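The structure appears below as structure tokens.
The values are calculated or read from the model by the stated rules, or taken from the named source; none is laboratory data. Remember, predicted model here, so these are calculated numbers, not experimental data. Every residue, glycine among them, receives a Cβ derived from its backbone with ideal geometry; neighbour counts consider all protein chains shown. Protein only, heavy atoms only, side chains kept; ligands, DNA and RNA dropped before computing areas. Shrake-Rupley method; radii C 1.70, N 1.55, O 1.52, S 1.80 Å.
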Amino acid sequence: MLSWSNSIRGRLSRWLAIQTLVSVGLICTAVYLAISSNFATRQTELLAEKQRAIQHLATESASKNSAESLQHQLLDFFHGHPELSLVLQTSNVTKTFGKRPPNAKASMFRQHTFMLPEYGLSTGPIQAQLSMDITSDLRFLRRLALALFICAILGAALASLGAAWLVRRALTPIDALSSQVAKLSPERLGERLEAKDPAAEISPLITQFNALFERIEGAYAQMEEFNANLAHELRTPLATLIGETELALSSKRYERSLEEMLASNLEDFHRMERVISDILLLARADGGTRIKTEPTNSIAITIREVMDYHEAQAEEADVKLLLVGDASAMISRTLFQRAVSNLLSNAIRHADMLSDVLIVVETTGEEVQIAVCNLGTPVAQEHLVRCFERFVRLPAGRVSSDQDHFGLGLAIVAAIARMHGGKTFARSVDRLVTMGFTVARPIH
Ligand SMILES: Nc1ncnc2c1ncn2[C@@H]1O[C@H](COP(=O)(O)OP(=O)(O)OP(=O)(O)O)[C@@H](O)[C@H]1O
Ligand SMILES: [Mg+2]
């Protein structure tokens, strides 16, 4: 089950909600501050204007020295302005004009204090405190703040829901693809992912997945073929062994023929052992087993040992073994000799009688090349590209494919080349057949 907190939808929704809340919050705060500062300026200006009017009245009254006239005028003045009030204070008298609630908080008023000239009422300076009730402005600002706050929260919620919906829509093809992948199984390896009008970001994913499935299908088919071949190769000697043993048990046999049977069985056991050890070597190469290589100054010496080993086979086939060139390389001696031996054994088997089998060692750039050439029946191009695969037996020329050869020799050469950081090659020009492999050169 997809967790909301971990999903792209959840993350994007949360992130957009926070981002909208912050940005809309900032805008709302700026709007609120601008409006409240505008209110404050307007209130200050109004108070200053009223202050000037009161001072004017007081100056006029002072010139006439008429306290009654000032009081009268002030009463008139405050009659039309219920939000304003004025407190006049001298050393002995306090007079209030306009209404001011008895327990009103100071924060609900904006006040200006100033001095008025003396007039009939007083003997000293008069301190005037003009107050303006700003409760309605404060109420308006409170409502505005609440409205802006709700807008910011609603905006964030809407952005978050919108993002969740959009991501859900955008990810629908991925859900469809994942259910397609879930349906794939070894029996349905031929199926490929499909999406109707996929987004540009998803198309490469589908292509890559389909390419991967293609490779898996190929590898699976190869593995199945390999298993079938392996079963076939082991079944033949086993059937012989079982048949012979059953016959031996059912009939009275002389010691000598039992000996012959055991000797023939031993051959079959050896044959099976060879297949199994060849397959083990290939499996190890496939598993990426690291081999121990050692610097070898003259691989010609290592190759000569293999040539000596095949001397008898060469004599029997009436061919001469020759070696040209030398090089130094980092090799695992036993594996390298095994690869050369497999190539040499093939070349001797397929060489024309009284011809030469030539081994050429060459250094080319970053690698050392070992080529084994023989004159014999040409190998067709389509067979050349397949000959390094496992259990491959090419249509033989003069050589009849016998049960001692399983078609693993060149596959082992390829595995050994890979283990040495090299590759294989095969050419057939007229009657000259060349097969070989390369190994990486030592890094100095
Ligand atoms: N020099 C060559 N000329 C012609 N055909 C060759 C040559 N070398 C190999 N081949 C053919 O390539 C195929 C694969 O060779 P590979 O060595 O893998 O198998 P094999 O020799 O049949 O069996 P194994 O090596 O397991 O005993 C065989 O059919 C073989 O006949
Ligand atoms: Mg071979």
Residues satisfying the stated conditions in region 392-411, i.e. modelled with pLDDT under 85, within 7 Å of ligand 1 (Cβ to nearest atom) and open to solvent by 30 Å² or more (accessible area, probe 1.4 Å) | R393, L394, A396, G397, S401, D404
Residue count for region 33-44, restricted to those that are free of Cβ contacts under 8 Å to residues at least 60 places away in the same chain and farther than 18 Å from E83 by Cα | 4
Among the residues of region 177-216, write down those that are within 22 Å of V167 (Cβ to Cβ) and of a type in the set (A, V, I, L, M, F, W, C).
-> L177, V181, A182, L193, A195, A199, A200, I202, L205, I206, F209
Test for E225: is it open to solvent by 50 Å² or more (accessible area, probe 1.4 Å) and either in a loop (DSSP other than H, G, I, E, B) or hydroxyl-bearing (S, T, Y) (or both) = no
If you check V385, V429, which single one turns out to be modelled with pLDDT under 95, β-branched (V, I, T) and more than 7 Å from ligand 1 (Cβ to nearest atom)?
-> V385
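Sort out which residues of region 306-315 are in contact (Cβ under 8 Å) with a residue 24 or more places away in the chain and either open to solvent by 80 Å² or more (accessible area, probe 1.4 Å) or not assigned by TED's automatic domain parsing to the domain that holds N346 (or both), and write them in order of number.
Start the filter on region 306-315 by keeping residues that are in contact (Cβ under 8 Å) with a residue 24 or more places away in the chain, which leaves 306-307, 309-310, 313-314.
Within region 306-315, Y309 is the sole residue that qualifies.
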Could you list all residues from region 333-342 that are without any contact (Cβ under 8 Å) to a residue 40 or more places away in the chain, more than 10 Å from ligand 2 (Cβ to nearest atom) and surrounded by fewer than 22 Cβ atoms within 10 Å (Cβ to Cβ)?
-> R333, T334, Q337
From the list K252, K196, which one is assigned by TED's automatic domain parsing to the domain that holds L266 and of a type in the set (K, R)?
-> K252
Can you name every residue in region 177-189 that is modelled with pLDDT under 85 and open to solvent by less than 50 Å² (accessible area, probe 1.4 Å)?
-> L184, S185, L189
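Taking the condition of being in contact with a Cys (Cβ under 8 Å, 6 or more places away or on another chain) and surrounded by 16 or more Cβ atoms within 10 Å (Cβ to Cβ), how many residues in region 128-152 meet it? Lay out the reasoning, then the answer.
We begin by selecting, within region 128-152, every residue in contact with a Cys (Cβ under 8 Å, 6 or more places away or on another chain); these are 148-149, 151-152.
From what's left, surrounded by 16 or more Cβ atoms within 10 Å (Cβ to Cβ): 148, 152.
Of the residues in region 128-152, 2 are in contact with a Cys (Cβ under 8 Å, 6 or more places away or on another chain) and surrounded by 16 or more Cβ atoms within 10 Å (Cβ to Cβ).
Within region 358-375, take every residue that is of a type in the set (D, E) and surrounded by fewer than 19 Cβ atoms within 10 Å (Cβ to Cβ) and give me the one that is modelled with the lowest pLDDT. Quick ask: steps written out before the conclusion?
Start the filter on region 358-375 by keeping residues that are of a type in the set (D, E), which leaves 362, 366-367.
Applying the additional criterion that residues be surrounded by fewer than 19 Cβ atoms within 10 Å (Cβ to Cβ) yields 362, 366.
Working: E362: 96, E366: 87.
So the residue we want is E366.
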Look through region 331-347, keep the residues that are more than 14 Å from R431 (Cα to Cα) and hydrophobic (A, V, I, L, M, F, W, C), and return whichever of them is farthest from ligand 1 (Cβ to nearest atom).
-> I331
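When region 244-261 is examined, which residues are found to be under 19 Å from D404 (Cα atoms) and either within 60 Å of the chain's Cα centre (by Cα) or open to solvent by less than 60 Å² (accessible area, probe 1.4 Å) (or both)?
Filtering region 244-261 down to residues under 19 Å from D404 (Cα atoms) leaves 244, 260-261.
Within region 244-261, E244, M261 meet the criteria.
Let me confirm something: among S179, S160, which residue is within 26 Å of the chain's Cα centre (by Cα) and either more than 17 Å from C28 (Cα to Cα) or free of Cβ contacts under 8 Å to residues at least 24 places away in the same chain (or both)?
Details: S160 fails: within 26 Å of the chain's Cα centre (by Cα).
Selected residue: S179, the only one of S179, S160 that is within 26 Å of the chain's Cα centre (by Cα) and either more than 17 Å from C28 (Cα to Cα) or free of Cβ contacts under 8 Å to residues at least 24 places away in the same chain (or both).
Results for (1) open to solvent by less than 70 Å² (accessible area, probe 1.4 Å); (2) farther than 28 Å from P82 by Cα, shown as yes or no for each residue.
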| position | (1), (2) |
| --- | --- |
| R11 | no, yes |
| R14 | no, yes |
| Q19 | no, yes |
| V31 | yes, yes |
| L46 | yes, no |
| E49 | no, no |
| L57 | yes, no |
| E60 | no, no |
| S69 | yes, no |
Evaluate the following for M272: is it within 20 Å of R390 (Cβ to Cβ), modelled with pLDDT under 95 and not assigned by TED's automatic domain parsing to the domain that holds L394?
-> yes
Quick count over region 190-216, residues being outside any helix (DSSP H, G or I) and open to solvent by 90 Å² or more (accessible area, probe 1.4 Å), is 4
